[in-house]
Amino acid sequence: MKSKLPDTGITIFSVMSSLAKEYDAINLSQGFPEFDCDPRLLKLYEHYLKNGYNQYAPMPGVSELRNALSKKIEKVFQKKIDPDTNITITAGATQAIYTAIATVVNPGDEVIMFDPSYDCYDPAVRLNGGVPIHLNLKFPDFAIPLDALKENLSERTKLIIINSPHNPTGAIISAEELRALEELCIQFDCYLISDEVYEHIYFDGLRHKSVIEYPELFKRSFVTFSFGKTFHATGWKLGYCVAPEHLTQEFRKIHQYLVFSCNTPAQMALADYIETESYVELPAFFEKKRDLFLNAISTSQLKPLPCSGTYFQLLSYEGISPKKDTDYAVELTKEHKVASIPISVFYEDGSDHKVLRFCFAKNDDTLLKAAEILCKI
């Protein structure tokens, strides 16, 4: 059999988590919360499990959840979104992103993405016959390289993929960057996917700016979100895609043959839970964890890069070791018992800035134990 992804192996997340388990290391590598979701949400899930909501949901998602999301989007982003024609519930944001790529990308179409980029973008483009064009974000602030973007846009460009708040860097896209993207997408008649799974995790008085808030850009965009990231339930694998009606129609044609529909009792539980607006507490909750971790490692030789969002902190080890980040991440796991993620794996060209990613969506005692180890290096 000829492989469709001949250069693709096991993801770095699986590799580092497996290594952490093998060497009994504190796992700050894979990005999932160590703590459980709200007991109120679990009780709602149990209620719907026990009251007959265990069959297929409608293909776009249950109306109760789509209606709740429509109200939430209007409250958060001041934008009216039709729950029937603009919102589709998906099996996580990764499926939403894949489906959006499959919706618009045809063989030979170019797709621009910005490195370090999340590892599902490139394979999805190639599986649909597209040509990935990787542009590096500016280091160390990870701003979009607008000049390089303009140079690489052409009649072959079908799609641009952005991510904010940004995994793995923690950067937040600016209003100026979004306005520039809006102009360029119109000029070159291309589409955009905005990966906004960390929409409620932002710090230092900043605010997440969504593509939904930019009308002309939204007309040609798929905006993807994650319930798992927002409500500490990554194992539920539920997300959603917001797009204008003409794109949603095409999106659903593919969605129905990938998963058809998603977990019914979980959708019903989330529909009720969203009304509690618990998500407004997330910025302060995770900012406190970030600050706890940063304060605890303040005497270490590791140097933090700015983190404005997500639950990941980048640390530079440049003053400690000349090793490649992939090698140093392994050394840190095996010898010092703290697992992280090397950032070079998110670059097509392997750019190595001697930086590792640490997840701080962990219990406080876990973060303090890891910090104690890191301060001794």
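Overview of values
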item: Extreme residue, farthest from Lys4 (Cα to Cα), among residues of the range 123-142 that are part of a loop (DSSP other than H, G, I, E, B) and within 17 Å of the chain's Cα centre (by Cα); result: Phe142
item: Any hit, the range 199-218, residues being hydrophobic (A, V, I, L, M, F, W, C), modelled with pLDDT under 95 and farther than 29 Å from Leu49 by Cβ; result: yes
item: Which numbered condition Ile162 misses (of (1) in a helix (DSSP H, G or I); (2) under 21 Å from Phe77 (Cβ atoms)); result: (1)
item: Exclusive hit being in contact (Cβ under 8 Å) with a residue 40 or more places away in the chain and either more than 24 Å from the chain's Cα centre (by Cα) or exposed (fewer than 13 other Cβ atoms within 10 Å of the Cβ) (or both), set Asp24, Asp7; result: Asp24
item: Residues being more than 17 Å from His166 (Cα to Cα) and aromatic (Phe, Trp, Tyr) - total across the range 207-224; result: 2
item: Residue count for the range 235-256, restricted to those that are buried (at least 20 other Cβ atoms within 10 Å of the Cβ) and under 26 Å from Ile201 (Cα atoms); result: 7
item: Qualifying residue in the range 73-91 (condition: touching a Cys at 6+ places or on another chain (Cβ under 7 Å) and polar (S, T, N, Q)); result: yes
item: Within the range 230-335, helices (runs of 4 or more DSSP H) holding 3 or more residues that are more than 30 Å from Glu213 (Cα to Cα); result: 282-296
item: Which listed residue is of a type in the set (Phe, Trp, Tyr) and free of Cβ contacts under 8 Å to residues at least 12 places away in the same chain, from Tyr257, Tyr279, Tyr311; result: Tyr257
item: Residue that is among the acidic types (Asp, Glu), touching a residue at least 12 places away in the same chain (Cβ under 8 Å) and over 26 Å from Thr8 (Cα atoms), where the choices are Glu151, Glu183, Glu177; result: Glu177
item: Selected residue [more than 28 Å from Ile160 (Cβ to Cβ) and crowded, with 20+ Cβ neighbours inside 10 Å] from Leu49, Leu65, Leu69; result: Leu65
item: Which listed residue, of Asp82, Asp24, Asp7, Asp36, is in contact with a His (Cβ under 9 Å, 6 or more places away or on another chain) and either in a helix (DSSP H, G or I) or of a type outside the set (A, V, I, L, M, F, W, C) (or both); result: Asp36
item: Of all residues in the range 27-52 being of a type in the set (D, E, K, R) and in contact (Cβ under 8 Å) with a residue 12 or more places away in the chain, the one that is farthest from Asn363 (Cα to Cα); result: Arg40
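The values are calculated or read from the model by the stated rules, or taken from the named source; none is laboratory data. Every value quoted in this text rests on a predicted model; they were computed, and no experiment measured them. Quick reminder, even Gly has a Cβ in these numbers, built from the backbone with ideal geometry, and neighbours come from all protein chains shown.
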